[in-house]
Amino acid sequence: MIASLPRNNRRLVVPGTFVAILVKQFHRFRFPLAILILALALAPFSAAQESHLIDDPLVVDQHSRVVVLEYEAWFGPNAVTFQGAAAQPELQSQDMQAVGGGYDSADPAVIKQHVKWMEHLGVDAALIEVTNNVSCIFNSEEFANKYLQNCTDLFRSENQSIRSNTGNLYPAWSRLKTRLKLIPMVGGIDNDVLLQDTDGITAFEKEVDYFGSLMRQHPERNVLYHGKPLILIYLGAPQDPSVANSPLWFQLQQFLREHPALTQKYTFKMMAGFLDSQPLLWANQGTPHGPVEINSQFGFWSWVDRLNTLCTAASCPFPTFNKVDDRVENFTASIATPGQNGWGCPNPNTLPYCPDDALRFGKDDSYATLDSFMTYARQLDPIFLFIHQFNEYVPSDEGFDANTTDDIEPTNLWGRTALEAVKDQLEDYRDQDHRDHD
């Protein structure tokens with residue numbers, strides 16, 4: 001983030017390769033076409049597979065296994081640039097050369113290639129976000145003058161470019177006829193998002209309405225959860241667990257209860273960072289020896305958590321999850337995660353690494369941290385598996401070399417190795433569903 005972070009009842013997935021084999025065998029033995037059609041019609045599909053039709057939303061239920069890629073569309077000559085980033089993307093846009101290179105997230109060629117790479121990975125949806133400076137983006141100049149010291153005309157324009165680039169993904173992806181879906185994440189970081197503007201409407205409501213309008217115009221891009229389009233609210237880190245202090249997450253929950261017109265339209269879930277380091281949010285506060293369940297009182301989904309398999313201390317970080325009934329609802333896997341004090345110790349921007357870093361590369365350049373996360377993902381079998389992440393680039397969340405950057409997109413530092421590592425892991429993750437039913 002930019003600073004301002006019952007199994008036996010599950011339906012089987014029938015992959016394209018299986019269908020191809022089935023067709024080939026029917027041709028080989030010259031079965032009638034009607035029998036082939038009947039066989040394909042009777043083949044069981046998962047909820048996710050059924051909903052991956054290009055013109056339909058993705059319907060998620062208790063039997064689903066959905067993979068969501070965290071994705072940023074922030075970049076452009078009048079938005080976020082790649083200056084100061086450790087890695088430089090393989091893709092380039094002409095209008096970015098004057099600001100140091102990289103790509104413009106509104107560039108149709110870039111959007112098309114990103115979609116191809118995501119389809120290659122085998123994900124179901126992308127999590128897109130406008131979570132910083134929401135009031136500066138959506139509220140009036142009068143509001144900004146009263147409450148927002150840093151909301152200059154230039155700063156507002158740059159952040160509105162991020163909003164526009166992100167919103168543009170809806171029509172752009174629909175034109176590409178991709179099966180991929182979009183899940184918007186709105187900002188719940190700043191207390192000013194619940195202050196009323198001069199028109200009596202909060203920035204939170206305005207952002208929800210902004211994405212809501214796009215979701216209505218492009219329903220085929222939506223992920224439906226509990227029967228309604230899913231919207232995430234980003235809370236940042238850390239979170240105050242005390243309701244008595246009226247933390248923002250609690251204010252947002254109250255606000256939604258008091259505005260049923262919103263909750264009747266959308267399913268809202270809250271996402272926070274580094275829940276691994278916040279034991280007061282856990283279901284059990286003891287020393288963990290594996291993934292940690294979040295207390296259902298909070299139900300926060302994880303944006304990213306720490307995991308260091310080399311840790312030998314009495315208390316080592318483990319990623320978190322939450323449950324609904326008998327299923328894990330959310331789990332997030334990452335390629336690399338920083339230690340408690342960042343990436344570099346004592347200097348956050350240089351070697352040596354902090355001892356509790358979980359680095360990208362292990363022995364023989366293996367993706368060791370991703371492997372560890374995905375081992376837990378296969379064990380937990382979540383409804384929503386999030387992959388952190390495709391293309392954030394921005395310091396200080398991203399560090400100073402390949403080992404301290406958790407991006408997947410092809411760059412000069414790791415080529416396409418991350419793309420293939422994630423693809424292989426997700427194929428294995430999907431294959432587990434078939435093995436469970438053999």
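The values are calculated or read from the model by the stated rules, or taken from the named source; none is laboratory data. Note that the structure is predicted; figures quoted are calculated from it, not measured. Positions of Cβ are backbone-derived with ideal geometry, glycine not excepted, and every protein chain shown enters the neighbour counts. Keep in mind that these areas ignore ligands, DNA and RNA; they rest on the heavy atoms of the full protein, side chains included. Shrake-Rupley method; radii C 1.70, N 1.55, O 1.52, S 1.80 Å.
A few notes on this one:
- In the stretch 65-139, the GluC sites (Glu not before Pro) that fall in loop regions by DSSP, at most 16 other Cβ within 10 Å: E90
- Extension gain, E258 back to R378 (0.36 nm per residue minus Cα-Cα distance, nm): 39.4 nm
- With the charge dipole of the chain set up from +1 on Lys and Arg Cβ and -1 on Asp and Glu Cβ about the Cα centre, the Cα lying farthest toward the positive end among the listed residues I294, A377, Q253 is that of A377.
- For the chain, the per residue solvent-accessible surface stands at 43 Å², with DNA, RNA and ligands left out and a 1.4 Å probe.
- Rough spin-label spacing in nm, given labels placed 7 Å along Cα→Cβ, for K116 and D240: 5.0
- Mean Cβ neighbour count within 10 Å, used as a protection proxy, ranking 53-60, 187-194, 376-383 highest first: 187-194, 376-383, 53-60
- Gyration tensor verdict on the stretch 188-246 (Cα atoms; rounded if a/c is under 1.5, prolate if a/b is larger than b/c, oblate otherwise): oblate
- Antiparallel %, DSSP beta bridges [both residues in the chain], to 5: 25
- Phi angles across the stretch 229-246 convert, under the Karplus curve 6.51 cos²θ - 1.76 cosθ + 1.60 with θ = phi - 60°, into 3J(HN,Hα) values of x, 8, 10, 9, 10, 8, 9, x, 8, x, 10, 6, x, 8, 4, 4, 8, 6 Hz, Gly and Pro given as x.
- The stretch 67-165 shape via C-alpha gyration tensor axes, a/c threshold 1.5: oblate
- Placed amide H near F384: partners under 5 Å, 5+ positions off or other chain: V66, N330, F331
- Using the Karplus relation 6.51 cos²θ - 1.76 cosθ + 1.60 with θ = phi - 60°, the per-residue 3J(HN,Hα) values for the stretch 156-170 come to 4, 4, 5, 6, 5, 5, 4, 4, 5, 4, 5, x, 4, 4, 4 Hz, with x marking Gly and Pro.
- Residue-averaged [θ]222 nm for the chain, counting only DSSP H segments that reach four residues, each worth -39500 (n - 2.57): -10000 deg cm²/dmol
- Reach of K423 by Cα under 13 Å, taken over aspartates and glutamates that are not fewer than 8 positions away in the same chain: E119, D124, D371, E409, D431
- The Cα center of the stretch 216-291 and the Cα center of the stretch 61-102 differ in position by 25 Å.
- Solvent-accessible area of V292 with every protein chain in place, 1.4 Å probe, in Å² to the nearest 10: 10
- When the Cα gyration tensor is reduced to axis lengths a ≥ b ≥ c, the ratio a/c stays below 1.5 for the chain, which is therefore classed as rounded.
- The chain - percent of accessible surface contributed by carbon and sulfur, probe 1.4 Å: 53
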